[in-house]
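The values are calculated or read from the model by the stated rules, or taken from the named source; none is laboratory data. Keep in mind the model is a prediction, meaning the values are calculated, not measured. No Cβ is skipped: glycine too gets one built from the backbone with ideal geometry, and neighbour counts run over all protein chains shown.
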Amino acid sequence: MYGNSRTVRSSQAHVHPRLAHEVSRHCATPWRAPSSPHVEAAADAIVAALAQRPLLLDSGCGDGSSTLVLARLHPAHLSVGVDRSAARLAARRDGDGAMFVRTDLPRLWQALRARGVRVDRHFLLYPNPSPKPAQRLRRWHFHPAFADLLALGGELEMRSNWKIYGEEFAAALAVAGHVPELDAVPEGEALTPFERKYRASAHALWRVRATLTAPRCRS
């Protein structure tokens, strides 16, 4: 939902007042969602493919374009793009440092965490902002798997074209005990087709970065 000001339109003007409470609750209470053979097989495939390489995770990779860009920018890593849509990933094949996995993302985070996997670099590029205040539970930082995401560690970067999403994501990281940095996405190669489209439409683009050196949530 976009307005004439080339930004996301929402009745929410500030960080949601439930953020700190819900992030703290998720950090204190383990998420015990049932897994599935599909998720477990995806996690095992990633572990088998690592072969001593550091892991770069492109969570919610869409059509996989961003994974290919990231694989080229970080050739020493295994760059894994994850999306739940078979249609979006239909044209992608593993190779050139990139691997594509279709599965349920939050349960994959949980399965990787259970296997002791550590992510070296983690990207969340332009998740759906779900801008209505009542849609807050669709945002990653309100999801109970947020603690699993953080426990995977590494250099985390989230990008959004809605500043409030960035402010909330940064605030959620701070509640969980990390030190986030929120700033504008710098000029340079677009990582995703959405980023390219937003730039062409003169959207302001934001990124949140943090070094997840050790698990801070107690779950």
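With 201, 160 as the choices, which residue is among the hydroxyl-bearing types (Ser, Thr, Tyr), surrounded by fewer than 14 Cβ atoms within 10 Å (Cβ to Cβ) and either more than 22 Å from residue 71 (Cβ to Cβ) or out of contact with any Lys or Arg (no Cβ under 8 Å at 6 or more places or on another chain) (or both)?
On the way: 160 fails: surrounded by fewer than 14 Cβ atoms within 10 Å (Cβ to Cβ).
201 is the lone residue from the list that is among the hydroxyl-bearing types (Ser, Thr, Tyr), surrounded by fewer than 14 Cβ atoms within 10 Å (Cβ to Cβ) and either more than 22 Å from residue 71 (Cβ to Cβ) or out of contact with any Lys or Arg (no Cβ under 8 Å at 6 or more places or on another chain) (or both).
Being aliphatic (A, V, I, L, M) and more than 22 Å from residue 157 (Cα to Cα) is true for just one of 111, 33. Which residue is that?
Details: 111 fails: more than 22 Å from residue 157 (Cα to Cα).
Of the residues listed, the single one that is aliphatic (A, V, I, L, M) and more than 22 Å from residue 157 (Cα to Cα) is 33.
In the stretch 35-86, what residues are of a type in the set (D, E, K, R) and buried (at least 20 other Cβ atoms within 10 Å of the Cβ)?
Here is the first cut: in the stretch 35-86, the residues of a type in the set (D, E, K, R) are 40, 44, 53, 58, 63, 72, 83-84.
Answer for the stretch 35-86, where residues must be of a type in the set (D, E, K, R) and buried (at least 20 other Cβ atoms within 10 Å of the Cβ): 58, 83.
Conditions tested, residue by residue: (1) assigned to a helix (DSSP H, G or I); (2) in contact with a Pro (Cβ under 6 Å, 6 or more places away or on another chain); (3) within 18 Å of residue 138 (Cα to Cα); (4) among the hydroxyl-bearing types (Ser, Thr, Tyr).
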{"site": "34", "(1), (2), (3), (4)": "no, no, no, no"}
{"site": "38", "(1), (2), (3), (4)": "yes, no, no, no"}
{"site": "43", "(1), (2), (3), (4)": "yes, no, no, no"}
{"site": "49", "(1), (2), (3), (4)": "yes, no, no, no"}
{"site": "63", "(1), (2), (3), (4)": "no, no, no, no"}
{"site": "66", "(1), (2), (3), (4)": "yes, no, no, yes"}
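Can you tell me how many residues in the stretch 87-113 are surrounded by 13 or more Cβ atoms within 10 Å (Cβ to Cβ), hydrophobic (A, V, I, L, M, F, W, C) and free of Cβ contacts under 8 Å to residues at least 60 places away in the same chain?
Matching residues across the stretch 87-113 total 7.
Limited to the stretch 163-198, what total is found for residues that are surrounded by fewer than 16 Cβ atoms within 10 Å (Cβ to Cβ) and part of a loop (DSSP other than H, G, I, E, B)?
Looking only at that region, the number is 6.
May I ask you to list the residues in the stretch 2-25 that are modelled with pLDDT of 90 or more and not in a loop (DSSP other than H, G, I, E, B)?
Going through the stretch 2-25, the residues modelled with pLDDT of 90 or more turn out to be 18-25.
Selection gives 19, 20, 21, 22, 23, 24, 25.
Can you say whether residue 100 is under 18 Å from residue 83 (Cα atoms) and touching an Asp or Glu at 6+ places or on another chain (Cβ under 7 Å), as far as the supplied structure shows?
In short, yes.
Taking the stretch 68-102 on its own, how many of its residues are within 20 Å of residue 190 (Cβ to Cβ), out of contact with any Gly (no Cβ under 7 Å at 6 or more places or on another chain) and in a helix (DSSP H, G or I)?
5
Taking the stretch 126-172 as the search range and keeping residues that are touching a helix residue (DSSP H, G or I) at 6+ places or on another chain (Cβ under 8 Å) and free of Cβ contacts under 8 Å to residues at least 24 places away in the same chain, which one is farthest from residue 197 (Cα to Cα)?
Result: 130.
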